[in-house]
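First comes the structure, then the notes that go with it.
The values are calculated or read from the model by the stated rules, or taken from the named source; none is laboratory data. On a predicted model such as this, the values are computed, not experimentally measured, just so you know. In this analysis, Cβ positions are derived from the backbone assuming ideal geometry, glycine residues included, and neighbour counts consider all displayed protein chains. These area figures cover heavy atoms from the full protein model, side chains too; ligands, DNA and RNA do not enter into them. Shrake-Rupley method; radii C 1.70, N 1.55, O 1.52, S 1.80 Å.
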Amino acid sequence: MKYSAKENCYIVTVPDLPGCMADGRTPNEAFENVKNVITEWIDTAKAAGREIPEPSFGQDNF
């Protein structure tokens, strides 16, 4: 997560899903927004017949 002083918001990106990102006025809002964007990204990819990448980071990486 990054804070953009220029945009005055927090930005969350999802490295495994190219172009998938969301913003919010608070860190919590940005994370809540990115959950919706992830779902939309996956739905759009499925509709277009694109492959959904496997997550590169998971619980066993902690």
Kindly identify the chain as rounded, prolate or oblate by the Cα gyration tensor criterion: order the square roots of the eigenvalues as a ≥ b ≥ c, call it rounded if a/c is under 1.5, otherwise compare a/b with b/c, prolate if a/b is larger, else oblate.
-> oblate
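What's the carbon and sulfur percent of the chain's accessible surface, probe 1.4 angstrom, rounded to a whole number? Kindly include the intermediate steps, with their values, before the conclusion.
Details: 2540 of 4890 Å².
After summing per-atom areas, the C and S share lands at 52 percent.
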Short version: ³J(HN,Hα) in whole Hz for each residue of segment 26-39, in order, from phi by Karplus 6.51 cos²θ - 1.76 cosθ + 1.60 (θ = phi - 60°), x for Gly and Pro, what are they?
-> 10, x, 4, 5, 4, 5, 5, 5, 5, 4, 5, 5, 4, 4
Under 20 Å from a label point 7 Å along Cα→Cβ of LYS2: give me every residue in segment 23-51 with its amide N that close.
-> 23-35, 37-38
The answer for GluC sites (Glu not before Pro) in the chain that fall in a DSSP coil and have at most 10 neighbouring Cβ atoms within 10 Å is GLU7, GLU51
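Rounded to the nearest whole Å², what accessible area per residue is found for the chain with the 1.4 Å probe?
Numbers: 4890 Å² over 62 residues.
Normalised by residue count, the accessible surface of the chain is 79 Å².
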Any lysines with Cα under 30 Å of the LYS46 Cα? List them, leaving off those in the same chain fewer than 8 positions away.
-> LYS2, LYS35
